[in-house]
Amino acid sequence: MKKGLLIIVSGPSGVGKGTVREYYMKDPSLNLTYSISMTTRAPREGERDGVDYIFISRDEFEQKIKEGEFLEWAEFVGNYYGTSIKQVEKLREEGKNVVLEIEVQGATIVKEKCPDAISIFIIPPSMEELEKRIRGRRSEPEEIIQQRLAKASQELKLVGNYKYVVCNDDPELAAEVIGLIIKRNQN
Ligand code: 5GP
């Protein structure tokens, strides 16, 4: 069986990566599966353990780093986030195209380790719109919002490291573009 593709999707916090994903994951012809990351961040309202993330403690995470369990990991606004190497390899061996929704440091590591990975960066239509979306989530204190906005400005400078850049003005359209990118790379 042909090994599945590895698809990196990055973009600043609040850009709507999750909403866009809901659309492109619905297309069965893309044969996609989402890699569920591990994090030490507390769950947001409505987030489910084992679905949105695998929520673990800092001690557990640090133990997994020592044991070499991560394909990549990064610290983002005070929390750890990481991708299980075993999980990704298992899914790709089963022929699934695996989506990693990760921030820029993690993406750099994956691109070094897996040069054939497809990299996509989602940008917001404007910084004003991004701030509106981050605030709209109403789940975080002002200090964290400010940190996420500062991080977003830094991340946006790195779009040049990605092969594809997609603007999320309309999530359904952005998802269609991502679908086309994946199809082009499938053959
Ligand atoms: P959030 O706290 O908003 O869910 O995620 C913060 C950032 O971490 C987002 O850019 C998200 O894509 C990224 N992220 C989620 N999982 C991982 C992961 O496993 N590794 C890395 N490097 N970043 C991740």
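Within segment 99-158, can you find the residues that are within 13 Å of the ligand (Cβ to nearest atom), assigned to a helix (DSSP H, G or I) and polar (S, T, N, Q)?
Selection gives Gln105, Thr108, Gln147, Gln154.
From Ile85, Ile123, which residue is open to solvent by 20 Å² or more (accessible area, probe 1.4 Å), β-branched (Val, Ile, Thr) and more than 22 Å from Tyr24 (Cβ to Cβ)?
Ile85
Being open to solvent by less than 30 Å² (accessible area, probe 1.4 Å) and in a loop (DSSP other than H, G, I, E, B) is the filter here; which residues of segment 46-61 pass it?
Residue satisfying the conditions is Ile56 alone.
State the number of residues belonging to segment 6-45 that are open to solvent by less than 60 Å² (accessible area, probe 1.4 Å), over 22 Å from Leu130 (Cβ atoms), within 11 Å of the ligand (Cβ to nearest atom) and in a loop (DSSP other than H, G, I, E, B).
Looking only at that region, the number is 3.
Please state which one of Glu142, Glu176 is among the charged types (D, E, K, R) and loosely packed, with under 14 Cβ neighbours inside 10 Å.
Testing whether each residue is among the charged types (D, E, K, R) and loosely packed, with under 14 Cβ neighbours inside 10 Å leaves just Glu142.
May I ask you to list the residues in segment 62-83 that are in a strand (DSSP E or B), under 18 Å from Ser13 (Cα atoms) and within 8 Å of the ligand (Cβ to nearest atom)?
Within segment 62-83, Trp73, Ala74, Phe76, Asn79, Tyr81, Gly82, Thr83 qualify.
Taking Arg58 as the residue in question, decide whether it is modelled with pLDDT of 95 or more, at negative phi, under 17 Å from the mean Cα position of the chain (by Cα) and charged (D, E, K, R).
No: the conditions fail for Arg58.
The values are calculated or read from the model by the stated rules, or taken from the named source; none is laboratory data. From a predicted model like this one, the values you see are computed outputs, not experimental measurements. Positions of Cβ are generated from backbone atoms using ideal geometry, with glycine treated the same way; all protein chains shown enter the neighbour counts. Keep in mind that these areas ignore ligands, DNA and RNA; they rest on the heavy atoms of the full protein, side chains included. Shrake-Rupley method; radii C 1.70, N 1.55, O 1.52, S 1.80 Å.
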